[in-house]
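Below you'll find the structure, written out as structure tokens, and then a few comments.
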Amino acid sequence: MTYEEFFAKVKEKFMDADVSGITEHLAYQFNITGEAEGIFYVEVKDGKLYVEPYDYHDRDATFTASAENLMKIAEGKLDPVFAVTMKKLKVEGNIDKALKLKGMIDGKKKADKKADKKSDKKK
């Protein structure tokens with residue numbers, strides 16, 4: 001998988017996150033190692049989510065992981081705290097703000113489950 005393919009997939013996953021309840025500014029840089037190596041950032045600003053394929057210098061936290069592990073985190077299949085414990089994800093910077101990423105992903109999983117239940121009822 002190329003960086004461009006990976007970025008398109010991970011951006012789609014992140015853009016599903018509900019950030020309407022986040023009132024503070026959050027900025028994360030993601031460093032992808034191995035296959036699909038590259039950098040991108042995720043920013044929450046004024047209740048809106050931005051995911052762009054650039055280096056972000058004024059970031060709150062930096063996450064470093066393989067493309068495979070980062071995709072699992074974005075899909076909610078790998079808990080980010082567990083990934084740090086297992087050394088599959090490295091985190092640098094403001095840990096309190098870094099932990100808010102988990103809240104964004106957990107919120108997305110709850111929304112996905114509600115959508116799944118609604119579609120099951122329609123069947």
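The values are calculated or read from the model by the stated rules, or taken from the named source; none is laboratory data. It should be emphasised that the depicted structure is a prediction, and the values quoted were computed from it without experimental measurement. Surface areas here come from the heavy atoms of the whole protein model, side chains and all, with no ligands, DNA or RNA. Shrake-Rupley method; radii C 1.70, N 1.55, O 1.52, S 1.80 Å.
Summary table
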quantity: Area of Met15 that stays accessible when all protein chains are in place (1.4 Å probe, Å², to 10); calculated: 90 Å²
quantity: Of all accessible heavy-atom area on the chain, the percent that carbon and sulfur account for (1.4 Å); calculated: 51 percent
quantity: Accessible area in the full protein assembly, largest first, 1.4 Å probe, for Thr33, Thr85; calculated: Thr85, Thr33
quantity: Accessible area (Å², 1.4 Å probe, nearest 10) - His57; calculated: 150 Å²
quantity: Label of the coordinate-derived value, Cα extents along the principal axes in Å, listed as (i) 60, 33, 22; (ii) 41, 35, 21; (iii) 45, 34, 28; calculated: (iii)
quantity: Sequence of Tyr3, Tyr28, Tyr54 when ordered by accessible area, the most exposed leading, probe 1.4 angstrom; calculated: Tyr54, Tyr3, Tyr28
quantity: Most mobile listed residue (Lys97, Lys48, Lys87) in the chain, GNM with C-alpha springs under 10 Å; calculated: Lys87
quantity: Accessible surface ranking that places the most exposed of Val84, Val10 first, with a 1.4 angstrom probe; calculated: Val84, Val10
